[in-house]
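Notes follow the structure.
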Amino acid sequence: MAINLLKTVPKVQSSITSKPSTSLFFTTRRFFSVPLYSPLALAVSSMSYEKELAAAKKATSLAARLCQKVQKALLQSDVQSKSDRSPVTVADYGSQALVSFVLERELPSEPFSMVAEEDSGDLRKESGQETLHRITELVNETLSSEGSYSASTLTAEDVLRAIDNGKSEGGPTGRHWVLDPIDGTKGFLRGDQYATALALLDDGKVVLGVLACPNLPLESIGSSNQHSPLGDVGCLFFSTVGAGTYMQSLAGSTLTKVSVSTTENSEEASFFESYEAAHSLHDLTSSIAQKLGVKAPPVRIDSQAKYGALSRGDGAIYLRFPHKGYREKIWDHAAGCIVVTEAGGVVTDAAGNALDFSRGRYLDLHEGIIVTNPRLMPSLLKAVQEALQQRTSSTL
């Protein structure tokens with residue numbers, strides 16, 4: 001029987017005082033502190049992304065503030081239906097508009113390109129006018145709560161333009177922001193886990209990532225306390241290439257440098273998988289868990305919040321195997337990928353190849369996505385490939 005969700009003290013290496021300014025993974029309690037970088041990443045690490053990181057943190061934090069407000073008072077009219085039938089919320093559009101506006105305002109001297117999930121097509125229709133009005137109100141209310149933007153009032157057309165800034169195709173040259181305004185929309189609608197995920201590509205490589213996870217507890221979501229009462233929630237994870245991964249509360253305060261688990265024994269671990277069976281093949285991940293000797297039942301959680309939890313050592317493995325025909329989008333993994341790798345983890349496809357974010361809006365993958373630490377990768381890859389071969393044989 002699967003355990004639903006997590007009510008959730010991160011495993012950390014150091015603390016720094018600062019002013020406020022689908023899927024599977026195995027729970028453990030040990031850490032890996034030395035990140036592994038590719039030669040290209042090492043070269044890029046000499047570059048500074050301080051301005052970009054500050055802007056990204058500000059943008060995602062404001063987006064999270066808007067999302068929290070909407071989730072507390074979801075209205076039926078706040079839910080639309082896209083052509084692919086996945087729910088789109090007022091918060092989804094509002095989050096994208098806010099992030100777009102803040103990045104452009106904070107980085108005015110840089111050419112702006114953003115690859116994002118939403119566009120304004122449905123909002124420009126007559127049937128979308130009420131929703132657009134609600135989005136514009138929420139965006140302006142959120143901006144007014146931030147002192148530096150208190151004089152900024154956006155029109156509905158400003159909001160539509162900000163949303164449509166996300167139409168870039170990305171690619172191997174130049175800088176491109178990559179945004180999922182609400183990763184885990186269904187979790188958001190249920191009142192569960194979701195994330196605002198923002199990354200920066202520089203010549204096709206992810207060099208910066210921020211994950212705002214409003215409902216993720218600041219405490220560990222280890223299996224030993226998954227039924228504990230809900231404590232403080234709201235985490236902000238952020239990384240720049242070569243600089244490690246840090247976590248703080250969405251309210252600001254203390255920065256904590258985090259590291260992935262160093263466990264080599266998967267038998268001692270429990271595992272997490274996507275809440276939605278439609279997002280990952282639960283029977284395949286169950287087979288992999290059995291091959292690794294995992295005894296604990298799965299804990300289900302939505303969104304890239306899994307990447308954040310993995311980066312701080314809550315878990316050791318995260319697997320994602322979508323159904324046949326599904327194409328992974330770069331915004332579903334870019335921010336999470338660098339947050340984990342800068343914390344010492346490894347992210348590959350099922351064949352062990354690094355993820356390539358330089359090919360536009362989609363990832364070209366072999367089967368699925370694997371996230372773990374370097375010590376577990378060999379045994380995990382072996383289990384994954386055996387499970388995939390068995391699955392293929394059974395369908396012949």
* Asked: So which residues in segment 132-148 are in contact with a Leu (Cβ under 6 Å, 6 or more places away or on another chain) and of a type in the set (Ser, Thr, Tyr)?
  -> THR142
* To do: Might you check whether a residue that is at pLDDT 95 or above, in contact with a Lys or Arg (Cβ under 9 Å, 6 or more places away or on another chain) and more than 22 Å from CYS235 (Cα to Cα) occurs anywhere in segment 57-75?
  => no
* Here are some residues: GLU157, GLU126, GLU169, GLU141. Which one is within 21 Å of LYS69 (Cβ to Cβ) and either touching a Phe, Trp or Tyr at 6+ places or on another chain (Cβ under 7 Å) or surrounded by fewer than 18 Cβ atoms within 10 Å (Cβ to Cβ) (or both)? -> GLU141
* Asked: If you take the residues in segment 144-154 that are under 18 Å from THR60 (Cβ atoms) and not small (Gly, Ala, Ser), which one is surrounded by the most Cβ atoms within 10 Å (Cβ to Cβ)?
  -> TYR149
* To do: Report, by residue number, each residue of segment 264-282 that is modelled with pLDDT of 75 or more and either in contact with a Gly (Cβ under 9 Å, 6 or more places away or on another chain) or in a helix (DSSP H, G or I) (or both).
  => ASN265, SER266, GLU267, GLU268
* Within segment 358-372, track down each residue that is aliphatic (A, V, I, L, M) and assigned to a strand (DSSP E or B). => ILE369, ILE370, VAL371
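Within segment 329-344, does at least one residue satisfy the condition of being surrounded by fewer than 20 Cβ atoms within 10 Å (Cβ to Cβ), over 20 Å from LEU198 (Cα atoms) and either under 15 Å from the mean Cα position of the chain (by Cα) or not assigned by TED's automatic domain parsing to the domain that holds VAL178 (or both)?
The initial filter retains those residues of segment 329-344 that are surrounded by fewer than 20 Cβ atoms within 10 Å (Cβ to Cβ), namely 329.
Filter again for over 20 Å from LEU198 (Cα atoms), leaving none.
Scanning segment 329-344 turns up no residue that is surrounded by fewer than 20 Cβ atoms within 10 Å (Cβ to Cβ), over 20 Å from LEU198 (Cα atoms) and either under 15 Å from the mean Cα position of the chain (by Cα) or not assigned by TED's automatic domain parsing to the domain that holds VAL178 (or both).
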* **Number of the condition not met by GLY242 [criteria: (1) of a type outside the set (Ser, Thr, Tyr); (2) in contact with a strand residue (DSSP E or B) (Cβ under 8 Å, 6 or more places away or on another chain); (3) over 17 Å from TYR307 (Cα atoms)]** => (2)
* **Residue, nearest to the chain's Cα centre (by Cα), within segment 371-392, restricted to residues that are at pLDDT 90 or above and β-branched (Val, Ile, Thr)** => VAL371
* Structure fact -> Among helices (runs of 4 or more DSSP H) entirely within segment 106-207, at least 1 residues that are among the charged types (D, E, K, R) and modelled with pLDDT of 95 or more occur in 129-144, 156-164
* Structure fact -> Note on SER100: of the conditions (1) within 16 Å of LYS69 (Cα to Cα); (2) crowded, with 20+ Cβ neighbours inside 10 Å, unmet is (1)
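The values are calculated or read from the model by the stated rules, or taken from the named source; none is laboratory data. Everything quoted here is computed from the prediction, not taken from an experiment. All Cβ positions, even for glycine, are placed from backbone atoms using ideal geometry, and neighbour counts span all protein chains on display.
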